[in-house]
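Okay, so here's the structure we're looking at.
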């Protein structure tokens, strides 16, 4: 095992996660610092609210790709015979989490980043794409029903390890993946602790994904 190459790849994963998509997009195309508007968060949700759907979608997709690309770096190490095939999942999780840390504390934006949900989604897509799609569905259902993005994120994060335990795909899942799922849930709860407080007080911002027109 080439320890130096693994360390360098870990740094690359962090730098990928550190790309402050919302900040750079806001400054480059709108001339504003997204962190000074809306919720003050440098993430896709605040970009949707402040800069609109097109900007929010672009920021979200790039943030997803950050997590996905970081996780896939493990496959490149396998191709290079640096790690074994059985170690791919472990390093997908390691590099993905490092990218999420980069998103939370980006070196390119004074270590003040977003909440990491889109980047987490990217690494989950790389580790278990089927479950990722299920969690996306749960997220959308919760947000449409409640109009709370934070609640949707928390419920989707909880669903990941729980549904793995229930073996909804009819197969026994890797225990490491289940532990990783609960770590994701705890991380999402940690990054959304202020949102949880606002939810309990009834002060959380609402986001309407679908508007139903009233019949005239």
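The values are calculated or read from the model by the stated rules, or taken from the named source; none is laboratory data. What you see is a predicted model; the values in this text were computed from it and never measured. Note that we place each Cβ from the backbone using ideal geometry, even for glycine, and neighbour counts take in every protein chain shown.
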Residue match in the range 10-28 (condition: in the same structural domain as residue 105 (by TED's automatic domain parsing), touching a residue at least 24 places away in the same chain (Cβ under 8 Å), assigned to a helix (DSSP H, G or I) and exposed (fewer than 15 other Cβ atoms within 10 Å of the Cβ)): no
Condition first: surrounded by 21 or more Cβ atoms within 10 Å (Cβ to Cβ), within 18 Å of residue 67 (Cβ to Cβ) and touching a residue at least 60 places away in the same chain (Cβ under 8 Å). Can you find one or more residues in the range 130-146 that meet it? no
With the condition being within 13 Å of the chain's Cα centre (by Cα), closer than 23 Å to residue 41 by Cβ and not assigned by TED's automatic domain parsing to the domain that holds residue 89, I'd like the helices (runs of 4 or more DSSP H) fully within the range 120-216 carrying at least 1 qualifying residues. 129-146, 149-166, 175-191
Does residue 71 meet the test of being assigned to a helix (DSSP H, G or I), crowded, with 19+ Cβ neighbours inside 10 Å and outside the structural domain of residue 194 (by TED's automatic domain parsing)? yes
Residues of the range 108-119 satisfying the condition of being closer than 21 Å to residue 7 by Cα and either at pLDDT 95 or above or crowded, with 23+ Cβ neighbours inside 10 Å (or both): 119
Show the residue pairs meeting these rules: Cβ distance below 7 Å; 6+ apart or different chains; first residue within the range 155-170 and on the phi < 0 side of the Ramachandran plot; second residue surrounded by 13 or more Cβ atoms within 10 Å (Cβ to Cβ) and outside any helix (DSSP H, G or I). 164/173
Scanning the range 76-103 residue by residue, those out of contact with any helix residue (DSSP H, G or I) (no Cβ under 7 Å at 6 or more places or on another chain) and either farther than 15 Å from residue 127 by Cα or not in a helix (DSSP H, G or I) (or both) turn out to be 79, 80, 81, 84
Inside the range 106-128, the number of residues satisfying the requirement of being in contact with a helix residue (DSSP H, G or I) (Cβ under 8 Å, 6 or more places away or on another chain), free of Cβ contacts under 8 Å to residues at least 60 places away in the same chain and more than 19 Å from residue 140 (Cα to Cα) is 2
